[in-house]
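A quick write-up on the structure given underneath.
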Amino acid sequence: MGRGEKGESEEVGYLSHSAEVMSSQMAEGENEEYATLISDMISAVLTYNEISVREGFDCFDLDQDGLISLEDVQAAAKELQMDVEPSEVQAWHAYTSGGGKHVTVEQWDRVMSVADGDQVLKAREEAQAKADQRLAEEER
């Protein structure tokens, strides 16, 4: 799915850690909160892999029918190893689709236009820097 220059093992580590960071920030309840956080994670994945928002839609539209179903999102999240709960994906899909069965390209564009993937990437960079520092201290 990724078209960027990052290696697959880097993506996995990045995505797993980002999911942990974002999941720890999720409050129970509101679909909008889940939608915002999942959208931020998706935006980070797209940015990290140098995929445009429009190309991202195509990546999530696994059956290439021009619509993103819940099954499409669940499969894409699993393939990208986003480490999110099915209920979180379902909440994102319900909010983004306006309660419909599919997310249209217009709905995708609306949600992705306000997503803040940079927040996720920054959290990942900070966590990696701390891990590197701990490792260096342990090696001394």
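The values are calculated or read from the model by the stated rules, or taken from the named source; none is laboratory data. What you see is a predicted model; the values in this text were computed from it and never measured. A quick note on method: Cβ atoms are made from the backbone with ideal geometry, for glycine too, and the neighbour counts reach across all protein chains shown. Side chains are part of the model used for accessible areas, which takes the heavy atoms of the whole protein and leaves out ligands, DNA and RNA. Shrake-Rupley method; radii C 1.70, N 1.55, O 1.52, S 1.80 Å.
Structure notes:
- Hey, Glu137 open to solvent by 80 Å² or more (accessible area, probe 1.4 Å), out of contact with any strand residue (DSSP E or B) (no Cβ under 8 Å at 6 or more places or on another chain) and either modelled with pLDDT under 85 or assigned to a helix (DSSP H, G or I) (or both) or not: yes
- Checked against the criterion of being surrounded by fewer than 17 Cβ atoms within 10 Å (Cβ to Cβ) and closer than 21 Å to Glu125 by Cα, the candidates Glu79, Glu50 yield just one match: Glu50.
- Conditions (1) open to solvent by 40 Å² or more (accessible area, probe 1.4 Å); (2) touching a helix residue (DSSP H, G or I) at 6+ places or on another chain (Cβ under 9 Å); (3) modelled with pLDDT of 90 or more; number of the one not met by Asn31: (3)
- Residues located in the stretch 59-91, provided they are under 20 Å from Val114 (Cβ atoms), part of a helix (DSSP H, G or I) and out of contact with any strand residue (DSSP E or B) (no Cβ under 9 Å at 6 or more places or on another chain): Cys59, Ala77, Glu88, Val89, Ala91
- Applying the condition of being part of a loop (DSSP other than H, G, I, E, B) and without any contact (Cβ under 8 Å) to a residue 24 or more places away in the chain to the stretch 98-119 and asking which residue is least open to solvent (accessible area, probe 1.4 Å) yields Gly100.
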